[in-house]
Amino acid sequence: MASNIFTAALTGMNAAQYGITTTEHNISNASTPGYSRQQVVLSPSIAQNYGAGFVGQGVDITGVKRVYDQFLNAQVLQGQTQASYLSSYNTAISQIDNLLSNSTSGVSVAMQDLFNGMNGVANNPGNVPSRQAFLGNAQTVVNGFQSIDQQLTTIASGLNGQISNNVTSINSYARQIAALNSSIKLASGTGTALAGQQPNDLLDQRDQLINQVNQIVQTSTVPQSDGSVSVFIGNGQALVMGSRALTLQAIPSSSDPGKLDIAYQSNGQNITLQQSDLQGGSLGAFLNFRDQSLEPARSALGRIAIGLATSFNQQNQLGQDLNGAPGGNLFNAAVPQVTPNANNSGTASVSGTIADVSGLTTSDYQLKFDGTNYSMVRLSDKTVTSLGAGPLSPSAVVDGFTVNISSGAMAAGDSFLIRPTANGARDIALLTNDPAKIAAAAPINGSAALTNTGTGTIASGTVNPPPSAAPDPAHPLTDLNLLKPVTITFNNLPSTYSLTSSNASIAADVASATPLTVGPTSVVTVASTTNMVVGAPVNGGGFPPGTTVGSITNGTTFVAQMSVGGATNPPAPVSGQTLQVGNYPYISGGVSLSNATVAGSAVTVASTANLVVGAPVSGAGFPAGTTIASITNGTTFVTSAAAVPAAATGQSIQVGNTFNGWVAQISGAPAAGDVFSVGQNSNASGDNRNALLMAGLQTQNLMANGTASLGALYSQLVGDVGSKAQEMGATSLAQNNMVAQMVTSQQSVSGVNLDEEAANLMRYQNAYQASAKAMQIATTMFDTLLSLGK
């Protein structure tokens, strides 16, 4: 029996010693990241039957376990990857927010100063210091755009560095996890006497490494029967399989070399991962911030810069500078950035142009070719615009820009990345330092002869933007003959104006007190079709002798010419005369505006004696229900009625789409013989009409399909970034608080409580002392038994 006491006391001393050692291990690692407190697992030894009953044999040490809750640990992992994502995104977007909202480095104040400077020029158009001040303001705007773009580019470069560092860290952690898998498998002794015993410290180290990976990219694990775990990132991409770790790489994107994609190596090849497969953590934040905030912000800033540069250039071209010459470009406007995919097999070289700044968006695009058809994909929302089969037409406008294959050919499967506005802020530049180049004046001027006796007046006139098909958009004034003079005479026989110029002539019956507007939408009223002749076109050199109206094709500009006073009894219309009706069906013969309607290609009139409906030039004709009277600019009509009334006064024909590119209006009551002139402006130094129009660009809805001004777009950009930054800041704070609560719950189970461990030390110490006392008693009893034997 003494031996039983001795054995039981010895096992108790061993158990207490293990408990003290484990407790001290917990205390030593109380501040070790990822450490889970450990406990000695004890069980009673098998009792011995002495007949009178079973007598205990002491205690067995069955192992040392770590106090670990898989559910709480999974919650912490999920919360931490989201917290890391939000914190990283918030830090990144706050840089853009501070940059754009900074009143000293932003461009909002600079743009306001620019328009103020142009108002200064308008107030004193001949003053060189005012013009120089405007150029200084223009350079400040340019510097502001370029500075912000440079800082955004720097952020993008730094982002690439952070993405590369994240990938390097993931690879390092993956190798360590794979090594620990091997160590844990060996230490666990699968298939040996050690089976079932867990190397707790190695498990904690592995969990801590998985947690580190999880804070970089969302991570999931699958335990294996041999003690190892398989680690997956994102939406299921394997990172660690047993003792093998896959290697990730940050490589230049095949579609955009300036961006980094994440790839893994397989059989010596790099397989690019989809960005959607890499969510959560700092890496997911950097990738999403780049594509959802940084690049759109840079493109939005570029769109504003392109809109500003293009709008000022177009308006300056419609004016006259201080030297009396047509205005030119003041700013350099960026062109779309076109990048071929690295995997293209074709030889095509693609270029892009800005066709309409109003239609521009902030999205990037992808031009694709399937072997037969071209298509344009708007990457922001995946909207696809079909461009048809080849050849690729440079006139196909998609969201304000066009693309053209300048050389070579695309092969099936080839693609190009189109970034219409990405470089707008980078490439904007002031093209002149000469204050005289500011075209503050209008190139035309309307005037009344000093000999006029009536009260008629003529407006100074305004110049219209050139048509998109102008031969040389850089010099539209010269090409459209805007500077060639026009003389307007009021004849009063009856009230009739005669307009003559070097390239057109018009006669019009207008009541003497009715204003006559001559310009791009002018409607000239005639009294008889017999006086309709073909005049020289606005944009060309005239028609050859013998040209008939019926042989002139689409795009021709017609003028109506008649004798002074008109005709009171016009004859019947001449059969076969044809006037073009825009790009739609053409009508020959006499049509009265009051009795003709068009539905599809069918024309209904009161009399069809002199009416012929021809095939449409292009398109499918007029929509059902269209009336001739409602057809707008670009439509040309014959002005005779089938019944030939006493006069056809009140019927109209359209004079092309422009008359010399300008508009002027005569008002008042001219007297017979009064003469009005519209000609080249000879007083550029004292004229501010075009400067006022340039200053007025500030409030015009030039952008977003005519719904937003330049200032509104910049405010929207600042607001969008600021709102996103505020959202990320608030969400990040809330997530961090939530994670802190999760960690508290997890640590309440797995963490080391020093007070508790101090109590355990005393408990195990007392247990050890008690077992030692029992051993002392057993020794005394054994000695007594030996003495009895003597």
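What follows is calculated from the coordinates using simple rules that are stated; it is not laboratory data. In this text the structure is predicted, and so the values were computed from the model without any measurement. Because the Cβ atoms are built from the backbone with ideal geometry, glycine has one as well, and the counts that use them run over all protein chains shown.
In terms of the Cα gyration tensor, with a ≥ b ≥ c the square roots of its eigenvalues, is the range 66-120 rounded because a/c is under 1.5, prolate because a/b exceeds b/c, or oblate? Before the final figure, lay out the partial values.
Details: a/c = 11.44, a/b = 7.31, b/c = 1.57.
Taking the square roots of the gyration eigenvalues as a ≥ b ≥ c, the range 66-120 is prolate.
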Quiz item: Rounded to the nearest 0.05, what FRET efficiency is calculated for D783 and I46 with R0 set to 41 Å and r the Cβ-Cβ distance?
Solution: 0.90
Quiz item: What FRET efficiency would be calculated for the residue pair N235, A740, taking the C-beta separation as r and a Förster radius of 41 Å, to the nearest 0.05?
Solution: 0.90
Exercise. Give me the distance in nm between label points sitting 7 Å out from Cα along the Cα-to-Cβ direction at N404 and S172, one decimal.
Key: 5.3
Quiz prompt | Partners for K65 among aspartates and glutamates (Cα-Cα distance below 19 Å; same-chain residues under 8 apart left out) | solution = E24, D201, D204, D207, D226, E756, E757
Quiz item: Distance in nm between label sites at I61 and Q269, each 7 Å beyond Cα in the beta-carbon direction?
Solution: 5.6
Exercise. Please give the FRET efficiency for D370 paired with S253, using the beta carbon to beta carbon distance and R0 = 30 Å, rounded to the nearest 0.05.
Key: 0.90
Quiz item: So how far apart, in nm, are the two label points at A411 and Q292 if each is 7 Å from Cα heading toward Cβ?
Solution: 3.7
Quiz item: Residue separation times 0.36 nm, minus the C-alpha to C-alpha distance between A730 and A429: what's the value?
Solution: 104.5 nm
Exercise. Using the Kirkwood radius over Cα pairs, work out the Stokes-Einstein diffusion coefficient for the range 698-740 at 37 °C and 0.692 mPa s, in µm²/s as a whole number.
Key: 268
